[in-house]
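Undergrad: Dropping a structure here in structure tokens format, bear with me for questions.
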Amino acid sequence: MNDHYKFENTPLPYAYDALEPYIDEKTMYLHHDKHLQSYVDNLNEALKPYPKLHNMSLTQLILNPRLIPVPVRTKVINNAGGVYNHRFFFDGMTNLKTEPSKKLLGAIDAAFGSFRGFQDEFINAAMSVFGSGYAWLTKNTNGMLKIITTANQNTPLTKNLIPLLTIDVWEHAYYLKHYNKRLDYIVDWSNVINWDVVNSLYVK
Ligand code: MN
């Protein structure tokens, strides 16, 4: 798989229906094969005329906007963010039973008082996103956990934070099953978090 031009839409790490009944098959199919595919295609289209950008990774593109020619800068940043965020979101879910590690739980207690405190703060953050965006669990360079939100396809990378977990709260992520009830979607999503991924990103 290329982590540079020409970007490809990597397959989901599970079947489209794997997250049923929490997240439905049709939503997963459309979200991955249509929405994410559009970000991949638009990113490739924007990069095509600029061979100097063809060896840059997603992260490099996101972190170095000044290297991107002005006519395509916004398009590249928005779509690179779209690809990065969606991959992160999809990789952070699983149908398998996973749990936060002792080490991660210790950090969660230190930052949020308790696991319940973390859950409450994360749900509040995800509910607070006005319009389209994401809520994230991140760590800073000192390893402290922090919950943040990002608008549209912005990423935590530009805030110098290391992402561990994200929920996509764009309506396309839940509208078919949960209609306008974002809270129901967030609660359902919490059943399919891949804590193995979060645990390993935390200690990285
Ligand atoms: Mn999305």
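Only the coordinates and a few stated rules stand behind these numbers; no lab work does. Model, not experiment: these values are computed from the prediction.
Undergrad: Taking springs between alpha-carbon atoms closer than 10 angstrom, which of 67, 96, 104 fluctuates most in the Gaussian network model of the chain?
TA: 67
Undergrad: Taking every pair of distinct Cα atoms and averaging 1/r, then inverting, what Kirkwood hydrodynamic radius in Å comes out for segment 102-169?
TA: It works out to 12.1 Å.
Undergrad: Non-local amide H neighbours of residue 164 (under 5 Å, H modeled in plane, Pro and chain starts lacking H): which ones?
TA: It is 137, 138, 139, by chain and number.
Undergrad: Also: Per-residue HN-Hα couplings for segment 140-148, Karplus 6.51 cos²θ - 1.76 cosθ + 1.60 at θ = phi - 60°, whole Hz, x for Gly and Pro?
TA: Karplus-based 3J(HN,Hα) across segment 140-148 equals 8, 5, 8, x, 6, 7, 8, 9, 9 Hz.
Undergrad: Taking θ as phi - 60°, what are the ³J(HN,Hα) couplings along segment 157-171 by the Karplus curve (6.51, -1.76, 1.60), each to the nearest whole Hz, with x for Gly and Pro?
TA: Result, rounded to whole Hz: 4, 6, 9, 6, 10, 9, x, 10, 7, 9, 10, 7, 10, 4, 4.
Undergrad: Please list, ordered by chain and number, the residues whose modelled amide H lies under 5 Å from the amide H of residue 194; skip anything fewer than 5 residues away on the same chain.
TA: Residues meeting the amide H criterion: 93, 94.
Undergrad: Quick one: of 75/204; 102/204; 34/139; 52/75; 34/159; 102/139, which pairs are farther than 21 Å apart, Cα to Cα? The partial results should precede the final answer.
TA: On the way: 75/204 31 Å; 102/204 15 Å; 34/139 31 Å; 52/75 16 Å; 34/159 29 Å; 102/139 16 Å.
In this structure, 75/204; 34/139; 34/159 exceed 21 Å between Cα atoms.
Undergrad: Using Cα positions and a limit of under 14 Å, work out the aspartates and glutamates in reach of residue 6, with same-chain residues fewer than 8 apart set aside.
TA: By straight Cα distance, residue 6 reaches 41, 45.
Undergrad: Where does the chain land at 222 nm, in deg cm²/dmol rounded to the nearest 500, when only DSSP H runs of n ≥ 4 count, each adding -39500 (n - 2.57), divided by all residues?
TA: It lands at -13000 deg cm²/dmol.
Undergrad: Here's another thing I want to ask about it. Beyond 27 Å, how much of the Cα-Cα pair distribution for the chain remains, as a whole percent?
TA: Value for the chain: 30 percent of Cα pairs lie more than 27 Å apart.
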